[in-house]
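To keep things clear, I will list the structure first and then write my remarks on it.
Bear in mind that the values in this text are calculations on the coordinates, not laboratory data. This is a predicted model, so every value here is computed, not measured. Quick reminder, even Gly has a Cβ in these numbers, built from the backbone with ideal geometry, and neighbours come from all protein chains shown.
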Amino acid sequence: MPEATILLIIASIVNALVLSSMYILLALGFTFLFNIMGILNFAHGAIYMIGAYICFFLATAVGMNQWLAMLIAVAAVGLFGIFMERFAFRPFFGNINQIIVVCIGIITVLENGVSVSQGFIVQVTPPFVQGIFRVGIVSISWERVVIFLIGISLLVLVLLFINKTKQGLQMRAVAQDLEGAVLQGINVHFVSALACVIACALAALAGSLMGSYLSLTPYMGQDIMIKVLEILVLGGIGSINGVLFAGLIVGTLDAVLPIMVSGTATQAIMMLIIIIILLFKPQGLFGKEVRG
Amino acid sequence: MVVKGSMIAAPNSNTHRKNLIPAIGYGAVICLLACLPLIFKSPYILHLFILTLIYIIAAASMRFIMTSGQIPLAHAAFLGLGAYVSAVLSKHVGLSPWLALIIAALVSMCVGIAISFPFARLKAFYYAMISLFFGVGLLQGIESLGKLTGGLAGITSIPTLFSTGSKVPYYYVFLALTIISLAILYRFESCRIGWNLKAIDQSYLVSSSVGISEVKYRVIAVAIGCFFVGLAGGMYANYNVTISPSSFDTTAKLWMIIYVAIGGTNDFAGPIIGTAVLFLIPQYFSGLKQYTPFVSAAVLFAVIFAFRDGLVSIPRLIRTRYQRKKVKVQTDDS
Amino acid sequence: MILEISGLTKNFGGLAAVSGMNITVNDGEVLGLIGPNGAGKSTLFNLITGVIQPTKGTVVFKGKDITGKRPHVIAELGIGRTFQLNPLFPNFTVLQNVISSFQIRPRSNLFDTFFNTPVYRKNEAYILEQSLEILQLVGLYKVRNELAKNQPHGYQKMLGVARALAIKPELLLLDEPIAGMNPDEIDNTIEAIKRTSQLGVTIILVEHNMKILEICNRVVVINFGQKIVEGTPQEIKENPEVIKAYLGSGHDTQH
């Protein structure tokens, strides 16, 4: 096999891993919100975007170190998550139409806030890690490695949190049976707020990193939101395993397809693939009965 | 949700009077709307009203689909489909714009059927997701057919419905089309077909046990809804002369949902009011240019927090408040 | 013989909810299907009406194989049913619930429906008249304009029966029709069932309340998804196996 092809394959694999890890973090947060609060947070993409822009802004305009900028972005957006749970989700709990409306309102405000203050030009956050990692003929930028490692570690942390800690247990209890959890004395509001904070923090983190790995536009949230929904539907709504597998698939497709087809067609083909998969397996890989 | 029933209203002496009042009301509104171009001569204001009419058809057709429980998240993509089909047919193929309009509506209907039928047995959530993905994919697909559709730049110099430069004929024709479309949608909703849609929304088990085919009616809902939004899209293309993917992008999709949801999804008049309020009010502030969306968002939040059931619930709320006051006064007197 | 079930089996994972069921139902009879909770009675109904697909076996209705057909097709063929948990059209009124259930006979086509032709109006008037009659039959006439979801439990169950009658079924499957009702409502329901049977409708009743036996011509007892014994109500009441099945499962059978 020619060297160029090998390098291309390796580059694709690395790209796929990086993208997958970030997508999975996002989709995981989204799934938490769905499982625990029954809410489809359509504004999740916008949260991701605002996290990215806060980090970008602090790192460029204020000149902060990117890591510090990212931490602040994560903290700020996490706090915003509490605000969102209290004022956007709790009042409209259970009514999907109204939740959609509120989310669209949030999206509009965030997207417009960003486009008005930062403009529409594509920007990039300065890289978090410099340097290239070489092994034989293979060279991978350290940044990719680091992003992937961060993604994986956070994934493991979150899964551990869910399965091993008391709060995680409470979250799972609420997800399974709201009334039962209330009767058990679990503070559902606290659990919901916690879920929101985690989801938003993960989104902001992914956004900050992707702001450097890819780029930033005010509408990056919309694109990523589609991916999150793809992962959700492919993997089966509410299934954590589904998120992991589907996230990997979507990330890989995203890394590999653009090589084979031109830019605009990539999305269309992805949609086609997904719709075809759903034709045969509508409940997704790990989903449950979907009839009716 | 309280479902009003014109199908089942038992006739009594009040019925004729009850039917007369709304009829006079609608007649008055239509007369007022017909006189609009005489009051507002500015082409810009006419332009706004014309756009409002187009969006009203789109929003009402979206709500019609929603009565069956499905949420066509990418309805605006069908608006785009109708627009592009009509544009291509009238510009590249040379058909009369009027004919292109009808064909655009039919194409939109067929595509809607094609995308809804395979998934009609699944929970409504899945159609919502499929609709969303399809909408994104559709627009991307349209963009990528650069030769035919002009890619990102879109299509320009689309043949118009009228050769005069004035907007007035457009206004009257579109007003007529809107009234006809709304009348048709209203008829569908108030006859047995509409009731069956609401039935399958409420319970699959019950409706199938009495012989209502869920698949058949979900597809019917989508077919009718997509027909009218395709029509609206064609109207847009042959009026606006230019179309581009950005007119039908995600922001447009999101706001179409808002027009329906804010107006009130449980009432036929909901999308009409929602579109009028949420489209026109921010336009009043269009001088703010890039800050206009904040006004839209502000109106959105104001309405959703104040009126949970949408704007259409305002008269009912006022009536309830008024009745409560009346009762209070009466009990105070005794 | 109006209904013949042969070798009907449904496995959920490793669990056989219904196993090798053979039942024949005769024209015009009232067949009782009794068994303790979890015996597979509702599953059997769901299998007959196409809500779930059987793993094995066949269901033949009036000589025609209807195994695994979709629920609305089965309704069109003339089988009506009520549900244990009694879903309704909650946001419709009681009357609208019944009217919405008249889908099959008469049926207006699209043209007539949309253009409100005299044919359509005649059909709808007929439907209205029939609906009011049914509501009187089941005793819900006075609450006809109330929202279904606001009705007390007993009325809602009666509404379920009314709805099933609207499709003019030849075979009516009643899933625990008197569960949760007070003695008056039970008497009313039993009356309504008797009158329906007199109209020639074949009825299969699922219950675990033994009181229902008095109106059945025949009774089939099932447990663990299998037929245990069948016979007349008298034979069943005295059958030691049946008594063991009920007392053995520890659940009360009297109200």
Hey, in the GNM for chain C with a 10 angstrom Cα cutoff, which one of C:81, C:70, C:218 fluctuates hardest? C:70
Compute a Gaussian network model of chain B, connecting alpha carbons closer than 10 Å, and tell me which residue from B:55, B:44, B:172 fluctuates the most. B:44
Under 18 Å Cα to Cα from residue C:64, which lysines show up? Leave out anything in the same chain fewer than 8 places away. C:56
Tally the DSSP beta bridges in the protein assembly as shown and give the antiparallel ones as a percent, rounded to 5. 60
Taking the alpha carbon gyration tensor of chain C, what are the square roots of 5 times its eigenvalues, largest first, to the nearest whole Å? 32, 22, 16
Of A:188, A:14, A:122, which has the largest mean-square fluctuation in a 10 Å C-alpha GNM of chain A? A:122
Which of B:328, C:69 comes first, and how do the rest follow, when ranked by fewest Cβ neighbours within 10 Å? B:328, C:69
Return one number: the angle in degrees, 0 to 90 and rounded to the nearest 10, between the long axis of the Cα atoms of helix A:263-280 and the longest principal axis of the Cα atoms of chain A. 50
Peptide-level mean, for A:224-235, of C-beta atoms on other protein chains within 10 Å: 2
Against the longest principal axis of chain A, how steep is helix A:66-84, in degrees 0 to 90 to the nearest 10, with axes from Cα atoms? 20
Chain A: angle of helix A:220-235 to the longest principal axis, Cα-based, in degrees nearest 10: 70
Which lysines have a Cα less than 16 Å from the Cα of residue B:41, not counting those fewer than 8 places away in the same chain? B:167
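By the gyration tensor of its Cα atoms, with a ≥ b ≥ c the square roots of the eigenvalues, what is the shape of region C:1-86: rounded for a/c under 1.5, prolate for a/b over b/c, or oblate?
Rounded shape, in that the Cα axes give a/c under 1.5.
Within 15 Å, Cβ to Cβ, of residue B:261, how many net charges do the neighbouring residues add up to if Lys/Arg are +1 and Asp/Glu are -1? It would help to have the intermediate numbers written out before the result.
Values: positive: B:63, B:253, B:308; negative: B:267, B:309.
Taking every other residue near residue B:261 into account, the sum is +1.
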Which whole number of Å³ per residue matches the convex hull of the alpha-carbon atoms in region B:250-334? 104
Return the aspartates and glutamates within reach of residue B:123: Cα separation strictly under 14 angstrom, same-chain partners fewer than 8 residues apart disregarded; answer none if there are no such residues. A:289, B:201, B:214
Residues meeting the amide H criterion for residue C:223 (H placed from the backbone, H to H distance under 5 Å, 5 or more places apart or on another chain) are C:228
Per its Cα gyration tensor (rounded if a/c is under 1.5, else prolate when a/b beats b/c, else oblate), the protein assembly as shown is best filed as oblate
Using alpha-carbon positions, the gyration tensor of region A:195-278 gives root eigenvalues a ≥ b ≥ c; with a/c under 1.5 called rounded, otherwise prolate if a/b exceeds b/c, else oblate, the class is oblate
Karplus-derived HN-Hα couplings along region B:197-212 (A = 6.51, B = -1.76, C = 1.60, θ = phi - 60°), whole Hz, x at Gly and Pro: 4, 5, 5, 5, 5, 7, 7, 5, 4, 5, 5, 5, 6, 9, x, 8
